[in-house]
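Everything below concerns the one structure shown next.
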Amino acid sequence: MKTILVTGGLGFIGSHTVVELQNIGFNVIIIDDLSNSKIRVLDSITEITGKKPTFHKIDLRNKETVKSFFDTNSIDGIIHFAAFKAVGESVQNPLDYYENNIGSLVYLLQEMRDRKIDNFIFSSSCTVYGQADELPITEKAPIKPAESPYGNTKQIGEEIIKDTCKANGLNAIALRYFNPIGAHDSVKIGELPLGVPQNLIPYVTQTAAGIREQLSVFGDDYDTPDGTAIRDYIHVVDLAKAHISALQRLLNKENKNNFECFNVGTGTGTSVLEIIQAFENATTQKLNYKIVERREGDITSAYADTTIANKELNWKTEKTLEEALKSAWEWQENQK
Ligand code: WQD
């Protein structure tokens with residue numbers, strides 16, 4: 001039974017990926033510093049799969065702690081989620097983002113290099129494309145100057161991994177996520193934004209639940225059919241399964257280069273107003289919203305060309321937008 005280290009494994013995407021790894025027989029070790037997650041997620045994962053993952057509360061910025069972890073644990077692969085991810089916060093505190101997101105990545109890669117650990121999956125983001133010139137967005141789309149330190153840490157992270165693969169024979173895959181939403185069918189794990197949600201869907205569900213007074217729609221003067229910005233909203237379980245496919249590609253040595261990138265989305269763009277309509281249809285909850293000014297740094301439209309990921313990862317999305325929105329609402333309801 002192979003052992004996979006999942007950093008950030010108690011977070012939103014990390015916890016859903018741990019469930020899928022355990023469901024197909026991997027032994028999972030989670031490292032999380034609990035800065036943006038809750039320890040109760042460990043019990044929720046255990047309730048879903050019947051197997052309690054090994055957990056270490058570790059701050060990956062501590063080089064010595066990272067080293068001693070690898071002194072005592074034999075790892076066959078790493079899925080690296082652990083990172084700060086709030087775009088706005090990264091503009092306020094760039095050094096925290098560079099220290100955490102880049103520092104922890106470097107320490108992990110140094111241990112992989114020194115101990116000849118192969119198979120690394122990196123949590124990247126479609127944010128590396130900025131506003132792409134062509135839609136849908138393929139992996140060949142040019143990388144644009146980052147709009148935020150958060151986005152920059154993803155771009156720099158990919159470059160660091162690419163250089164390390166080249167120099168040290170490591171094999172790695174970067175998955176460029178579009179917009180992950182929804183929750184596990186069990187309603188035991190989901191998105192747990194701490195404080196005021198930055199992302200659309202948790203703000204939508206908290207508004208519907210009466211926690212937030214009203215949803216602000218950031219701009220309706222974009223060059224899109226209804227004027228609101230378009231994104232590619234992918235069910236978090238579909239996204240989790242893409243990590244399994246990527247890991248198995250590396251474990252089975254099916255990768256064609258030692259560093260590969262894949263766009264992970266549904267391939268369909270949905271506007272903010274369409275999300276609101278779809279949410280109301282899927283949940284019968286009426287949403288109180290108003291149109292306000294654009295949010296600084298937002299792009300007009302982003303949705304994935306999934307051709308390469310579908311083919312090379314032998315993976316495609318199975319869940320619908322309606323299922324994702326319904327699961328997000330059921331998860332919100334379960335938070336009472
Ligand atoms: C989606 C759309 C907003 C909130 C960011 C990061 C990306 C990834 C996902 C981490 C936009 C609009 C939002 C609200 C709104 N993060 N919106 N009212 O900005 O596409 O992507 O989160 O991995 O890297 O860049 O996601 O959910 O914040 O916004 O109108 O209260 O919803 O303007 O058009 P985004 P989002």
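The values are calculated or read from the model by the stated rules, or taken from the named source; none is laboratory data. Here the structure is a predicted model, which is why all the values come from computation and not from measurement. Note that we place each Cβ from the backbone using ideal geometry, even for glycine, and neighbour counts take in every protein chain shown.
For the stretch 134-180, filtering for residues that are within 19 Å of the chain's Cα centre (by Cα), of a type in the set (D, E) and not in a loop (DSSP other than H, G, I, E, B) leaves 2.
I'd like to check something: does the stretch 234-252 contain any residue that is within 13 Å of the ligand (Cβ to nearest atom), at pLDDT 95 or above and part of a loop (DSSP other than H, G, I, E, B)? Looking for residues that are within 13 Å of the ligand (Cβ to nearest atom), at pLDDT 95 or above and part of a loop (DSSP other than H, G, I, E, B), one finds none in the stretch 234-252, hence no. Considering only residues in the stretch 52-106 that are part of a loop (DSSP other than H, G, I, E, B), aliphatic (A, V, I, L, M) and within 19 Å of the chain's Cα centre (by Cα), the one that is surrounded by the fewest Cβ atoms within 10 Å (Cβ to Cβ) turns out to be A86. Of the residues making up the stretch 280-312, those that are within 15 Å of the ligand (Cβ to nearest atom), assigned to a loop (DSSP other than H, G, I, E, B) and of a type outside the set (S, T, Y) number 10.
This table checks each residue for (1) near the ligand (Cβ under 8 Å from one of its atoms); (2) crowded, with 16+ Cβ neighbours inside 10 Å; (3) modelled with pLDDT of 95 or more; (4) assigned to a loop (DSSP other than H, G, I, E, B).
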| residue | (1), (2), (3), (4) |
| --- | --- |
| A183 | no, yes, yes, yes |
| I189 | no, yes, yes, yes |
| Y203 | yes, yes, yes, no |
| G210 | no, no, yes, yes |
| P225 | no, no, yes, yes |
| T228 | yes, yes, yes, yes |
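Checked against (1) buried (at least 18 other Cβ atoms within 10 Å of the Cβ); (2) within 28 Å of Y203 (Cα to Cα); (3) of a type in the set (A, V, I, L, M, F, W, C), A309 meets all criteria but (2).
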